[in-house]
Amino acid sequence: MTMPLLNASFPRTGDPAVAQCQAGETWLDTIADDLCQHGWLTLDATPLLGPELLAELHREVEILEKTAAMERAGVGRGGDFTRDRSVRRDRIAWLNGETACQGALFDFFEQVRVGLNRRLFLGLQRFEAHYASYQPGDFYRRHVDSFQGRASRVVSLVMYLNEDWGPADGGELQVFGRNAPGTVCGRVFPERGRMAVFMSEEVPHEVLPAARSRHSIACWFRQDVVPVPLTGV
Ligand SMILES: O=C(O)CCC(=O)C(=O)O
Ligand SMILES: [Fe+2]
């Protein structure tokens, strides 16, 4: 009999340090407080996920990249969907939670979803997530992740997978003020384990050109139950 793969290697309770850190839930208080006060935050999620899981997710995206699984990302929706290379240049592959590492990550995202609903009453119904790969020179121009008033994508979470990222590597996430969209209020290096969380409709952001290959997972927590036929943003 074959054992199910899902979560086989990364049960949430597999690493006592990770389990203890997640169970404390003060990190969820921090996320909720900062989202309320500033609209965004960044934190090191390595203690919450464990270095092995982050390394396995990175291995997975590197394998996907060598296959045809990653597609050029687009912007817009429905009839407006375009693959405009002057706006964004990354390639993406949607996660389905079916490999062991994706299953463990989905457990984590679910904890975030439930934790934010309990604290902020956001009514988040589900999440969707994709890997993204930026090659040298790739960028994603300034944008917001959701159209105002649609409340489909409500909270954005980006998890970075790259080891030893330095200032010369570029590729920072540049975050603008939600009430001062002309002002840069933060820059996040896409270093493995670092996470950025922000309100999807409110916070403009951009990915500066990367000087080396840059891997991440972008996740959106949504208020709609049924997937509307969407592509891209
Ligand atoms: O990778 C990042 O830092 C952000 C990506 C992003 O803004 C997006 O995919 O909408
Ligand atoms: Fe974005």
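Structure notes:
- Test for G115: is it touching a helix residue (DSSP H, G or I) at 6+ places or on another chain (Cβ under 8 Å) and surrounded by 15 or more Cβ atoms within 10 Å (Cβ to Cβ): yes
- Qualifying positions in the range 48-73 - over 11 Å from S133 (Cα atoms) and touching a helix residue (DSSP H, G or I) at 6+ places or on another chain (Cβ under 7 Å): L48, L49, G50, L53, L54, E56, L57, E60
- Residue in the range 124-146 that is closer than 16 Å to L41 by Cβ, over 13 Å from the mean Cα position of the chain (by Cα) and not hydroxyl-bearing (S, T, Y) present: no
- The range 138-153 residues that are under 14 Å from R178 (Cα atoms), paired with ones that are more than 10 Å from ligand 1 (Cβ to nearest atom) and at pLDDT below 85 (beta carbon under 8 Å, 6 or more apart): H143/V87
- Against the numbered list (1) of a type outside the set (A, V, I, L, M, F, W, C); (2) touching a Lys or Arg at 6+ places or on another chain (Cβ under 7 Å); (3) closer than 21 Å to A73 by Cβ, Q125 comes up short only at (3).
- Scanning the range 47-70 for residues that are at pLDDT below 95 and in contact with a strand residue (DSSP E or B) (Cβ under 6 Å, 6 or more places away or on another chain) yields E65, A69, M70.
- The range 182-212, residues that are surrounded by fewer than 21 Cβ atoms within 10 Å (Cβ to Cβ), assigned to a loop (DSSP other than H, G, I, E, B) and either among the polar types (S, T, N, Q) or without any contact (Cβ under 8 Å) to a residue 12 or more places away in the chain (or both): G182, T183
- Residue in the range 96-108 that is part of a helix (DSSP H, G or I), more than 16 Å from ligand 2 (Cβ to nearest atom) and among the charged types (D, E, K, R) present: yes
- Checked against the criterion of being touching a Pro at 6+ places or on another chain (Cβ under 6 Å) and within 20 Å of E206 (Cα to Cα), the candidates F147, F139 yield just one match: F139.
- Residue count for the range 35-55 satisfying the condition of being within 17 Å of the chain's Cα centre (by Cα) and acidic (D, E): 1.
- Within the set L161, L157, the sole residue that is more than 15 Å from ligand 2 (Cβ to nearest atom), touching a residue at least 60 places away in the same chain (Cβ under 8 Å) and either surrounded by 14 or more Cβ atoms within 10 Å (Cβ to Cβ) or more than 13 Å from the chain's Cα centre (by Cα) (or both) turns out to be L161.
- Members of the range 36-45 found to be of a type in the set (A, V, I, L, M, F, W, C) and within 19 Å of G193 (Cα to Cα), listed by number: W40, L41, L43, A45
- For G171, the criteria (1) within 16 Å of ligand 2 (Cβ to nearest atom); (2) out of contact with any His (no Cβ under 7 Å at 6 or more places or on another chain); (3) touching a residue at least 60 places away in the same chain (Cβ under 8 Å) hold in every case but one, which is (3).
The values are calculated or read from the model by the stated rules, or taken from the named source; none is laboratory data. The structure presented is a predicted model; accordingly, all values stated were derived computationally and were not measured. All Cβ positions, glycine included, derive from the backbone under ideal geometry; neighbour counts span all protein chains shown.
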